[in-house]
Every structure is written in structure tokens, then in C-alpha cells.
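J.: Handing you a structure now.
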């Protein structure tokens, strides 16, 4: 769990992520809540590791302490360039004296301005980069901030190395950081993992997906009553090629289908939009499958009842579990989500009122005497 950027830390975010994964049926083998052989699994609990690796890089001459004042955003380009010109780090003894005096510093990774970094991305293919330069001066990236916390660059590389990570799957926004990361792996004499950068999800107009675009959080779909299988299915249809696969023309896919057909090389390198027009279609199919399974699987039956029973009870009072399931099964094609059942199938939970103006008008409009008699008898019960 990455939490080294304390300025952006959101209380409860970790538990929300874990809950979303459990809801979606995606389970991990190791993690903060269960431990494992490579723990701890929260970066803020691994600070000693990052400090140790940074010290190692300083000792071998691949990193240095920088006591210069930070570059201000308001600073002119010339002043910024002067600050970033070749810097002669203090000796270790001088550095320790300045640290004892309470002077602030950051740790920077030394970058070779002449070096070209290359790697093979599973999605984007062969890629080559030169180190970042600002105003013609090679930028030595910060790996330990002035507060003693590591940047994402150092923390992620150390974690990959310590945890024996073989594949890294992450968003394409991290591609520009690859020179820093490859330089860190090299400086630590560590083998880089295989990188799989994933294209971002975007809106139909090509803009970045954000909260202003509508529901983008998993929690939004959880609260609205969509089936977890539906959301997993929907996302899996996005940015992935099912061409030439058996049943490639079928949009409705279970988790087992997705696992069976998954190959890293089938991930598209183009950005994609979520096919929201398929959301209701997929949900009806997955809900129907779940209701059919509920006739033989008690766990599935209880899962459905636990979600819908409290609402029905609060609206209409007690109803038997068998009756609730019969209503849900009967009305499944009339609702988009399970949580719509209490409202759209209300007529199956409430007794009809025969003394309304509408009912009286209906009774008067019935031409057949026998039908009129039945209606009259029902009204005057």
C-alpha cells in the first residue's frame, strides 16, 4: 500500500480499496491485512528499508545529499537553472556536521546526461528515453524528501526488489518516470521486472475520466446496487482484444471466462472509454444467472436476500424469504438493479385499495354484468 505522499493521504482510503476488491471478487495472496513473507505491506512501515537503500546509494557514489534551498515555482527560469547547475555535494563528514546543525536536505540520484535508457514494454513495445533535462541541465531526481520520506520512485523500486516482483502493471502516466526507475534498478544492481503500462480510461470526448464525468468510483456502483460481476465484466471489455478467441462475440463473461482468456499481449495500447451503454444489459444477465443459482446454492440465496430484505422490510414490513425471491425472480426483467425491486415491484408487496376514484371509475366502466358484480363484491368486502 503506497502512502509515502503524506500530503495526499486520505483517511480510510486503504480500507475502502480493500472493500472494493473483496466486493468485486478479486482476492490477493498477501497484503496489509493478512501479512506474508515479504511484509510489511504498507510503505510507511518500511521507511527503514528506503533509508537503508538511500544510504547505500550515497556510499557507492550513485546518490548525494543536496542542501540547496528548494526551487520555487515562482522563481525565474534563469534562477532555476542556476540552482540546478552542477552541484558539488559536501563530504560525508561535512554533511554530518550540517545535519547535526539541523540543516534540511534531500537525497538525489545521480543521472548520466549521456545515457539512453531502453526497455521493452509489454503493451507499448520497445521504448527509449534520455534523462529529464530542465533548461539544458540534467535533472537528478529526488529519492528522499526533506522530511525523510522516500519519493514514489525509490519506494517502488525498493519494494519491487525486496518483494521479488516479476511484473509491474500500472497506468501509462508512469512511463515518463521510466528513466529514473531504470537508473535506480541499475544503481542497486537489481534486475528490473517486466513492465506493463496500461492505457488510461477516458471520457467519450477524450478528456480524462474524473468525478465530474459521473460515477467513477467503485463505491458508486456498489451503493446503486449493480452486481459486482457486472462491473468487472464491463471494465474487462475495455481496452482488450477478444478477437479470435472462442465465444469472442459474447459480451457476458464470468470471472472464470476472463481468467481463461486473459493474456497480457492482448491489452490495447490505445486509450479506451467504458461502454456504459452495456451496463444495464450486462447487469440483467448477471442477475439472472445469480437468481438461477440461488435455487440450488444457499450462499448465493442468502447473498441476494441480505441485500434486498432490509429494504423490503423497512418499506413493507416482514415478508418471507421465499416470497421475496419469487418477486425478485418475477421482476428481474423489469428492473436494472436488484435495489430497484422494492419500488418497481411495489404492487406485489402492498394490498390494493378498492375505494379510490380510479378503482370506482374502473368498476363503472366494466360493461359485462358478471365482471361488474365481481368488481362490486371486491370493493365492498
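The values are calculated or read from the model by the stated rules, or taken from the named source; none is laboratory data. A quick note: this is a predicted structure, and the numbers were derived from the prediction, not measured. Backbone-built Cβ (ideal geometry, glycine too); neighbour counts: all protein chains shown.
J.: Given the structure, is residue 87 at pLDDT 90 or above, surrounded by 11 or more Cβ atoms within 10 Å (Cβ to Cβ), assigned by TED's automatic domain parsing to the domain that holds residue 149 and farther than 30 Å from residue 218 by Cα?
T.: Values: at pLDDT 90 or above: no; surrounded by 11 or more Cβ atoms within 10 Å (Cβ to Cβ): yes; assigned by TED's automatic domain parsing to the domain that holds residue 149: yes; farther than 30 Å from residue 218 by Cα: yes.
The answer is no for residue 87.
J.: Something else now. Show the residue pairs meeting these rules: Cβ distance below 7 Å; 6+ apart or different chains; first residue within region 1-22 and free of Cβ contacts under 8 Å to residues at least 40 places away in the same chain; second residue not in a helix (DSSP H, G or I).
T.: So the pair list comes out as 9/3; 14/1; 14/32; 18/33.
J.: Would you pick out the residues in region 28-55 that are within 23 Å of the chain's Cα centre (by Cα), free of Cβ contacts under 8 Å to residues at least 40 places away in the same chain and not in a loop (DSSP other than H, G, I, E, B)?
T.: Selection gives 31, 35, 45.
J.: A further question follows. For region 327-381, which fully contained helices (runs of 4 or more DSSP H) count at least 2 residues that are modelled with pLDDT of 95 or more and under 58 Å from the mean Cα position of the chain (by Cα)? I'd like the intermediate steps shown before the answer.
T.: Details: elements: 341-344, 357-365, 369-379.
Where helices (runs of 4 or more DSSP H) fall fully within region 327-381 and carry at least 2 residues being modelled with pLDDT of 95 or more and under 58 Å from the mean Cα position of the chain (by Cα), they are 341-344.
J.: If you take the residues in region 193-224 that are assigned to a loop (DSSP other than H, G, I, E, B) and touching a helix residue (DSSP H, G or I) at 6+ places or on another chain (Cβ under 7 Å), which one is modelled with the lowest pLDDT? Talk me through it step by step, then tell me what you get.
T.: Step one: of region 193-224, the residues assigned to a loop (DSSP other than H, G, I, E, B) are 193, 199-200, 203-207, 209-210, 214-217.
Cutting the leftovers down to touching a helix residue (DSSP H, G or I) at 6+ places or on another chain (Cβ under 7 Å) gives us 193, 199-200, 203, 215.
Values: 193: 98, 199: 94, 200: 91, 203: 84, 215: 67.
If we take residues in region 193-224 being assigned to a loop (DSSP other than H, G, I, E, B) and touching a helix residue (DSSP H, G or I) at 6+ places or on another chain (Cβ under 7 Å), then 215 is modelled with the lowest pLDDT.
J.: Can you pull out the residues in region 157-192 that are out of contact with any helix residue (DSSP H, G or I) (no Cβ under 8 Å at 6 or more places or on another chain) and assigned to a loop (DSSP other than H, G, I, E, B)?
T.: Passing the criteria: 163, 164, 166, 189.
J.: Is it fair to say residue 271 is on the phi < 0 side of the Ramachandran plot, surrounded by 14 or more Cβ atoms within 10 Å (Cβ to Cβ) and touching a strand residue (DSSP E or B) at 6+ places or on another chain (Cβ under 7 Å)?
T.: When the stated conditions are applied, residue 271 passes them.
J.: Turning to a different aspect of this structure: Scan 330, 287, 293 and give me the residue that is in contact with a helix residue (DSSP H, G or I) (Cβ under 9 Å, 6 or more places away or on another chain) and buried (at least 16 other Cβ atoms within 10 Å of the Cβ).
T.: So the residue among 330, 287, 293 that is in contact with a helix residue (DSSP H, G or I) (Cβ under 9 Å, 6 or more places away or on another chain) and buried (at least 16 other Cβ atoms within 10 Å of the Cβ) is 287.
J.: Same structure, new question: Scan region 140-152 for residues that are touching a residue at least 40 places away in the same chain (Cβ under 8 Å) and touching a helix residue (DSSP H, G or I) at 6+ places or on another chain (Cβ under 7 Å) and jot them down.
T.: Once the filter is applied, which keeps residues that are touching a residue at least 40 places away in the same chain (Cβ under 8 Å) and touching a helix residue (DSSP H, G or I) at 6+ places or on another chain (Cβ under 7 Å), region 140-152 yields 143, 144, 149, 150.
J.: Given the condition at pLDDT below 80 and touching a strand residue (DSSP E or B) at 6+ places or on another chain (Cβ under 6 Å), answer yes or no: does some residue in region 235-247 qualify? Show your work before the answer.
T.: Taking region 235-247 as the starting set, the residues that turn out to be at pLDDT below 80 are 243-247.
Adding the requirement that they be touching a strand residue (DSSP E or B) at 6+ places or on another chain (Cβ under 6 Å) leaves none.
No, because not a single residue in region 235-247 is at pLDDT below 80 and touching a strand residue (DSSP E or B) at 6+ places or on another chain (Cβ under 6 Å).
J.: Would you please name the residue that is nearest to residue 232 (Cα to Cα), looking only at residues in region 11-24 that are at pLDDT below 95 and not in a helix (DSSP H, G or I)?
T.: 12
J.: Also: Being surrounded by fewer than 15 Cβ atoms within 10 Å (Cβ to Cβ), over 20 Å from the mean Cα position of the chain (by Cα) and either under 20 Å from residue 4 (Cα atoms) or at pLDDT 95 or above (or both) narrows it down to one of 120, 173, so name that one. Before you say what the answer is, go through the steps one by one.
T.: Working: 173 fails: over 20 Å from the mean Cα position of the chain (by Cα).
The conditions single out 120.
J.: Taking the residues in region 293-302 that are assigned to a helix (DSSP H, G or I) and under 15 Å from residue 329 (Cβ atoms) as candidates, determine which candidate is nearest to the chain's Cα centre (by Cα). Full working, then the answer.
T.: Of region 293-302, the ones assigned to a helix (DSSP H, G or I) are 293-294, 298-302.
From the residues that got through so far, the ones that are under 15 Å from residue 329 (Cβ atoms) too are 293-294, 300-301.
On the way: 293: 29, 294: 29, 300: 26, 301: 28 Å.
My answer is 300.
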